[in-house]
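Contents: one structure, followed by commentary.
Here, each number is a calculation from the coordinates, and none is a lab measurement. Quick caveat, the model's predicted, so the values are computed rather than measured. Cβ atoms come from the backbone with ideal geometry, glycine included; neighbour counts cover every protein chain shown.
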Amino acid sequence: MKRWPVAMLIVAIALSLLYGGSAAAGSSRWGKEYFPNVEVITQNGEKVHFYDDLIKGKIVLISFIFTSCTDLCPLTTARITQVVDRIEDQIGKKIFVVSITVDPENDTPAKLKSFADAFYKGPGWTFITGKPDDIRAINAKLGNKSDVATDHRNEIVLGNDATGEWARNSPFADIENVELAVRDMDPAWREGHHAPATPLAPATDQKGLKLQAEPGQVLFKKICAPCHTIGVGDRIGPDLLDVTVRRDRPWLEKMIMNPFRLRAEKDPTLAELDARYKGVRMPNLGMSATDAADLISYLATKSDEIAELRAQPETSHVHSQGNEAAHHGHGSMGSHP
Ligand code: HEC
């Protein structure tokens, strides 16, 4: 199978979305008649009906995964976790996430459960598997026609069954934009919110700190931050604060460039990490030696900055934790215009 570096794939996916347009918008042809209402099994072993229980009347964000995936699916799922953090007020109430396996032969409910738990433990996010033919029929309706798990699409599908609006989006678009696209599926939210749905502002967060496009920072934010923070605690993987102190450089390079090779070499440090972080492995992200060097330099600089800030006695309000992962509970907009 042809292999693209993940970073290139991400760019390609984002571009194909910009230029490719969205599917099935506007009509209600994706409704009760469209989706197979077959029985599927959740990560908790519950049997539910795909349409009646997971789609009917709901706003949904749908993704496609398989648990033995070593590159994009864990990253996609981690990016969705970032979206979920931002729509916490609605998740499990109006908005629901459904992640469908593209490998129903191998993905048992138990495997889905340990994968799911590595990312999110709250309500409102269902991982499903089931009879291979049924799961394939659902995937096909959502645009995943390939039989080969590794060829599945890395897009997400957004829909509102009640209004019949459906669209495709990318988990690699800016998280803020994905959040808005999801919220936009809700007519009530749209009414109370007149701002344009996709403010295409350049990324100018993190005022203050010497930001100007350090390459390591850009990579970190897009590809690592869904799973790691620097100094804000463990997320899906370990907090990387001071990781350049706790590990030596050759090890870090190998870990960032190809964790699966490191694991194949029976590296004891990685074995110990694997025992602590269950359910999901750090993916192979196609990082080059230059990328790894940029990332290591960014991790060191950022850790130093945080150490400096922490050494200062309670200063004013320095908004120091410029990590996207820390944005919990953002976004309750005033509901009255
Ligand atoms: C899908 C989630 C995910 C993504 C994305 C990810 N990691 Fe990880 N990372 C993990 C997990 C989980 C571990 C723990 C090791 C394991 O079990 O695979 C880990 C471990 C590590 C470690 C070792 C930490 C330690 O304490 O020794 C480093 C360094 C690291 N990751 C760097 C990165 C960098 C740099 C990126 C971005 C290029 C990245 N990771 C992207 C999940 C992820």
>> Let me check I've understood the local charge: for Ser170, count other residues with C-beta under 11 angstrom from its C-beta, Lys and Arg +1, Asp and Glu -1. What total comes out?
In response: +1
> What is the extension gain from Arg276 to Ser297, computed as 0.36 nm multiplied by their sequence separation minus the C-alpha to C-alpha distance, in nm to one decimal?
Replying inline: 5.0 nm
>> Let me check I've understood the local charge: for Phe35, count other residues with C-beta under 10 angstrom from its C-beta, Lys and Arg +1, Asp and Glu -1. What total comes out?
In response: 0
> How far, in nm, would the chain grow between Lys141 and Leu309 when pulled straight, counting 0.36 nm per residue and subtracting the alpha carbon separation?
Replying inline: 55.3 nm
> For the residue pair Ser288 and Glu265, what label-to-label distance in nm results when each label sits 7 Å from Cα along the Cα-to-beta-carbon direction?
Replying inline: 2.2 nm
> What list of ³J(HN,Hα) couplings, whole Hz, do you get for the stretch 36-44 from phi and the Karplus terms 6.51, -1.76, 1.60, once you set θ to phi - 60° and write x for glycine and proline?
Replying inline: x, 8, 6, 7, 10, 10, 7, 4, 8
> Based on the Cβ-Cβ distance of Arg190 and Tyr34, what FRET efficiency does E = 1/(1 + (r/R0)^6) give at R0 = 25 Å, to the nearest 0.05?
Replying inline: 0.60
>> Please enumerate, by chain and number, the lysines with C-alpha under 17 Å from the C-alpha of Lys302, excluding those fewer than 8 residues away in the same chain.
In response: Lys207, Lys210, Lys221, Lys222
> Points 7 angstrom from Cα along the Cβ direction at Lys56 and Arg247: gap in nanometres?
Replying inline: 4.8 nm
> How far, in nm, would the chain grow between His49 and Thr108 when pulled straight, counting 0.36 nm per residue and subtracting the alpha carbon separation?
Replying inline: 19.5 nm
